[in-house]
Amino acid sequence: MLTFEGNIPSRLPQIGTSIFAVMSKMAQEHGAVNLSQGFPDFPVAPELIDLVHKAMRNGHNQYAPMPGLPKLREAIAEKIYNTYQLSYSPDEEITITAGATQALFTAIAAFVGDGDEVIIFEPAYDSYAPAVKACGGIVKYAQLKLPDYHIDWDEVKRMVSNRTRMIVINSPHNPTGSLLSKTDLKALEDLTQQSDMLVLSDEVYEHLVFDNNRHESICLYPELASRSLVVASFGKTFHATGWKMGYVLAPANLTAAFRKLHQFIVFAVNTPIQHAIAEYLNNPAHYQQLGNFYQQKRDLFVQQLSQSRFKIIPAKGTYFQVLDYSAISDLPEMEFAEKLIKEYGIASVPLSPFYNQYQNNHQLRFCFAKTNETIQKATEILCKI
């Protein structure tokens, strides 16, 4: 093994391995049912696989245009208009990315510099803060309020300064499964009016909304959309997280700045998969039925746990269910999560790593994007604890 003996000037010296990788590795080592990392254990639609194969066989295997295939961007523009009644230019306002994480990093890197402040809400998906810090920005943390993980907008107003460059929102929310409401979006709109603040809206679970709730997309609020970058994920939508395919919606001037970095971070995204998804989007049912599909899985998961000692924190969206174990153990979240893997054979993710400073609310996140057989097996284990 080779070792560099010199000084290593890390941009993120305090950052370790992602909690998702840690828990999945531990699950594998102990042969546990893995409900930790957020990926489905059921197959991608055969029709979509066939479309990728067709694109490859038809010779679509070289670089795509840097912003993405025109026909895919056109299909996305049509999807957005049909869903939210807002028009985005395929040429100037839509960019295909190598997954949502690349989109998020590029959006932050394009606009955040030394000393710029970025407000994020915690528990927060673990890629936001490191991206801000790597770009020299300063993260300001606003905590979502228990028990339903709502935003205290008065607190947010007090955090805003003349150095606030961006606010990052995420709905449906990972890890809690909560949703932003119309009131939240109106508050954000009022807060950002007559300012230079940008909004980065992580909407990768946009179609995974339950109980007849509406996903309050930035796209439903044109004034907010005019200062926002919206991130979406085909990997989440079409059960193909390993394909790393997403996109960004933004006004033309913000898109131009985004693409300046995008071209040097990834340049272009997988060509045959772009061709396949462009064709697959022709049938809106492929994404419009997702909410019902995942609600059935959430309901099965919750129903099977009705006799358990866990307290269920309502999941309004995503494919994650938060369980409160305070009636079972006083152990800190990470220790209890490790105990579940090693002693019971079930893997989850503690919520504490989603905070900047240690929190212990005795809550774990479980992914129910699994076959019904996996859900049955997992809940049988959880009911014995």
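The values are calculated or read from the model by the stated rules, or taken from the named source; none is laboratory data. Everything numeric here is computed off the predicted structure, so don't read it as measured data. Glycine gets a Cβ as well: all are built from the backbone with ideal geometry, and neighbour counts include every protein chain shown.
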Hey, among Phe310, Phe267, which residue is in the same structural domain as His207 (by TED's automatic domain parsing), touching a residue at least 60 places away in the same chain (Cβ under 8 Å), of a type in the set (A, V, I, L, M, F, W, C) and farther than 16 Å from Pro40 by Cα?
-> Phe267
Only one residue in Lys311, Lys342, Lys297 is closer than 30 Å to Leu48 by Cα and of a type in the set (Lys, Arg). Which one?
-> Lys297
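Yes/no per residue for (1) surrounded by 15 or more Cβ atoms within 10 Å (Cβ to Cβ); (2) of a type in the set (Val, Ile, Thr); (3) touching a residue at least 60 places away in the same chain (Cβ under 8 Å); (4) touching a helix residue (DSSP H, G or I) at 6+ places or on another chain (Cβ under 8 Å):
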site	(1), (2), (3), (4)
Phe42	no, no, yes, no
Gly68	yes, no, yes, yes
Ile80	yes, yes, yes, yes
Tyr84	yes, no, yes, yes
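For segment 362-385, name all the residues that are of a type in the set (D, E, K, R) and over 23 Å from the mean Cα position of the chain (by Cα).
The initial filter retains those residues of segment 362-385 that are of a type in the set (D, E, K, R), namely 365, 370, 373, 377, 380, 384.
Glu373, Lys377, Glu380, Lys384 - these are the residues of segment 362-385 that are of a type in the set (D, E, K, R) and over 23 Å from the mean Cα position of the chain (by Cα).
Kindly establish whether Asp91 is closer than 21 Å to Ser233 by Cα, surrounded by fewer than 19 Cβ atoms within 10 Å (Cβ to Cβ), assigned by TED's automatic domain parsing to the domain that holds Tyr205 and modelled with pLDDT under 95.
no
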Subset tally (residues that are of a type in the set (A, V, I, L, M, F, W, C), more than 19 Å from the chain's Cα centre (by Cα) and within 24 Å of Ile313 (Cα to Cα)) for segment 130-155 = 2
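Residue check: is Arg309 charged (D, E, K, R), surrounded by fewer than 21 Cβ atoms within 10 Å (Cβ to Cβ) and modelled with pLDDT of 95 or more? Lay out the reasoning, then the answer.
On the way: charged (D, E, K, R): yes; surrounded by fewer than 21 Cβ atoms within 10 Å (Cβ to Cβ): yes; modelled with pLDDT of 95 or more: yes.
When the stated conditions are applied, Arg309 passes them.
Can you tell me which residues in segment 159-170 are surrounded by 13 or more Cβ atoms within 10 Å (Cβ to Cβ) and over 22 Å from the mean Cα position of the chain (by Cα)? Even if it seems obvious, please write down each step before you answer.
First pass over segment 159-170, keeping only residues surrounded by 13 or more Cβ atoms within 10 Å (Cβ to Cβ): 159-160, 164-170.
Of everything in segment 159-170, those that are surrounded by 13 or more Cβ atoms within 10 Å (Cβ to Cβ) and over 22 Å from the mean Cα position of the chain (by Cα) turn out to be Met159, Val160, Thr164.
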Taking segment 3-44 and keeping residues farther than 21 Å from Lys244 by Cβ, among the aliphatic types (A, V, I, L, M) and at pLDDT 85 or above leaves Met26, Ala32, Val33, Leu35
Scan segment 112-129 and give yes if some residue there is over 18 Å from Asn170 (Cα atoms), over 18 Å from the mean Cα position of the chain (by Cα) and assigned to a helix (DSSP H, G or I), otherwise no.
-> no
Is at least one residue of segment 186-193 touching an Asp or Glu at 6+ places or on another chain (Cβ under 8 Å) and assigned to a helix (DSSP H, G or I)?
-> yes
Residue check, Val156 surrounded by fewer than 22 Cβ atoms within 10 Å (Cβ to Cβ), more than 29 Å from Phe20 (Cβ to Cβ), modelled with pLDDT of 95 or more and not assigned by TED's automatic domain parsing to the domain that holds Tyr355 = no
For segment 348-371, pairs from a residue that is farther than 12 Å from Pro175 by Cβ to a residue that is basic (Lys, Arg) and not in a strand (DSSP E or B), with Cβ under 6 Å and 6 or more apart or across chains, are Phe368/Lys297; Phe368/Arg298
Which of the following residues is under 26 Å from Leu179 (Cα atoms), free of Cβ contacts under 8 Å to residues at least 60 places away in the same chain and surrounded by 20 or more Cβ atoms within 10 Å (Cβ to Cβ): Phe105, Phe121?
-> Phe121
If you scan segment 190-241, which residues turn out to be of a type in the set (Ser, Thr, Tyr) and either touching a residue at least 60 places away in the same chain (Cβ under 8 Å) or not assigned by TED's automatic domain parsing to the domain that holds Leu180 (or both)?
-> Tyr205, Ser217, Ser233, Thr241
From the option list Pro13, Pro9, Pro40, single residue qualifying as part of a loop (DSSP other than H, G, I, E, B) and closer than 29 Å to Phe234 by Cβ is Pro40
Sort out which residues of segment 228-264 are closer than 30 Å to Asp41 by Cβ and among the aromatic types (Phe, Trp, Tyr), and write them in order of number.
-> Phe234, Phe238, Trp243, Tyr247
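Would you point out which residue out of Leu281, Leu254, Leu261 is surrounded by 14 or more Cβ atoms within 10 Å (Cβ to Cβ), under 24 Å from Leu180 (Cβ atoms) and either not assigned by TED's automatic domain parsing to the domain that holds Asn372 or not β-branched (Val, Ile, Thr) (or both)?
Leu254
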Answer with yes or no whether Gly177 is touching a residue at least 24 places away in the same chain (Cβ under 8 Å), more than 18 Å from the chain's Cα centre (by Cα) and part of a loop (DSSP other than H, G, I, E, B).
-> no
